[in-house]
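The values are calculated or read from the model by the stated rules, or taken from the named source; none is laboratory data. No experiment lies behind these values; they were computed from the predicted model shown. All Cβ positions, even for glycine, are placed from backbone atoms using ideal geometry, and neighbour counts span all protein chains on display. Ligands, DNA and RNA are excluded from the accessible area calculation, which covers all protein heavy atoms including side chains. Shrake-Rupley method; radii C 1.70, N 1.55, O 1.52, S 1.80 Å.
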Amino acid sequence: MNKPFQFKQFTIEQDRCAMQIGTDGVLLGAWVSIENNPFSILDIGAGTGVIALQLAQRSDAEMIDALEVDDNAYEQCVDNFENSPWGDRLFCYHASLGEFIEEIEDKYDLIVSNPPFYSEDYKTSDESRDLARFNDSLPFDDLIFSASQLLSEEGIFAVVIPRKEEEGFLKMAEQENLFAKRICRVKGNETSQEKRSLIAFSFEKSTPKIENLTIETSRHKYTEEYISLVNEFYLKM
C-alpha cells in the first residue's frame, strides 16, 4: 500500500498511480518560472497531479488543467485536486493527448510535462507502470508538436527529461519553433553524472540560460540551492 505523500499545503494520495511521487516532477513544479503570471496552465500526463497542485500553490492562474490517459491515475488525480485548497481552479481531463488536441481550442500560457521516458527496450509485468514510464505512450515528438499547438504566443513550455535526451529534444523542439530559454542540468551529488535536464521553451529565439543543480552533498544532506527551490513544498525542508 502506497502511503499518502504529505506536502506543506496539500496531500497526494498515490495508491492507484503507477508512478509515485518522485524528485523529477516536484523539481519541475518548483523550478518553472511563473514570471509571466500565467492565466492558464496545462499539465500533460499529470499522474497524481502533483505538478498542477504545486503550480496552483505558487500562482494565481485561474485555469489549471491536467491531462491523464490512465484510468486509475485519472481518478486519483481528480480526487487529489478535489481534496486540495485549490479545487475550484483545477480540472483533469481523461483523454489521450491526440484526443485532447482535437477537442480543445484554448491556448495555455504555461504547459508543463514530466513525460514517460524510459526508452530502453525493456518492459516489466506491470502494464500501467510501463505505460507511465516508457515514452512509446507519449513520444517526445508528439508531446512537442502538441505543446506547440496548445501554447499561447507568449507562453512557456517546460519539461523534465533525461540529460542524455537533451540534445535530440532541443532539435525536435526547434522544428516546431520552440526554443530553449532556460536549461537546468541536475545531478544527484557532486561526483555523479548529470541525470536530468529541466528545459523551458518559448517561441522566441534566444540564447538559453544554463543552470546547474546538485541535490545532495551526501546521503540525505541537501544543498542550499535544492532546499531553497523545494522548501515551500516538502515538510522536512
Cα gyration tensor, region 16-120 - rounded (a/c under 1.5), prolate or oblate: rounded
Under 11 Å from the Cβ of Gln9, count the other residues' Cβ atoms, weight Lys and Arg +1, Asp and Glu -1, and hand me the total. +1
Based solely on its DSSP helices, what 222 nm [θ] is calculated for the chain when runs of n ≥ 4 H residues each add -39,500 (n - 2.57) and the sum is averaged over all residues, nearest 500 deg cm²/dmol? -8500 deg cm²/dmol
Straight-distance crosslink candidates among aspartates and glutamates, where the alpha carbon sits under 16 Å from Lys187 and sequence neighbours closer than 8 are dropped: Asp24, Glu165, Glu166, Glu211, Glu216, Glu224, Glu225
Cβ crowding within 10 Å averaged over residues, with 101-113, 34-46 ranked highest first: 34-46, 101-113
Which three semi-axes in whole Å describe the equivalent ellipsoid of region 158-218, each the square root of 5 times a Cα gyration tensor eigenvalue, listed largest first? 24, 11, 7
Placing unit charges on C-beta atoms (Lys and Arg positive, Asp and Glu negative, everything else neutral), compute the dipole magnitude of region 1-103 about its Cα centre in debye, rounded to 20. 540 debye
Out of Leu178, Gly168, Ile199, whose Cα points farthest toward the positive end of the dipole of region 159-205 (charges: +1 Lys, Arg; -1 Asp, Glu; placed on Cβ)? Ile199
Carbon and sulfur %, accessible surface of the chain computed with the full protein complex present, 1.4 Å: 45 percent
Provide the solvent-accessible area of Glu166, counting protein heavy atoms only and rolling a 1.4 Å probe, rounded to the nearest 10 Å². 10 Å²
Cα convex hull volume per residue for the chain, in Å³, equals 127 Å³
Residue pairs, from the table Lys164/Lys221; Lys3/Lys181; Lys195/Lys236; Lys107/Lys236, whose Cα atoms sit over 32 Å apart: Lys3/Lys181; Lys107/Lys236
How much area per residue is accessible in the chain when the probe is 1.4 Å and only protein heavy atoms are counted (Å²)? 51 Å²
With the charge dipole of the chain built from beta-carbon charges (+1 for Lys and Arg, -1 for Asp and Glu) about the Cα centre, the Cα from Pro139, Val230, Tyr74 projecting farthest to the positive end belongs to Val230
Rg over Rh [alpha-carbon atoms, Kirkwood Rh] for region 19-64: 0.94
Charges at C-beta only: +1 for Lys and Arg, -1 for Asp and Glu. How large is the resulting dipole of the chain about its Cα centre, in Debye rounded to 20? 1300 debye
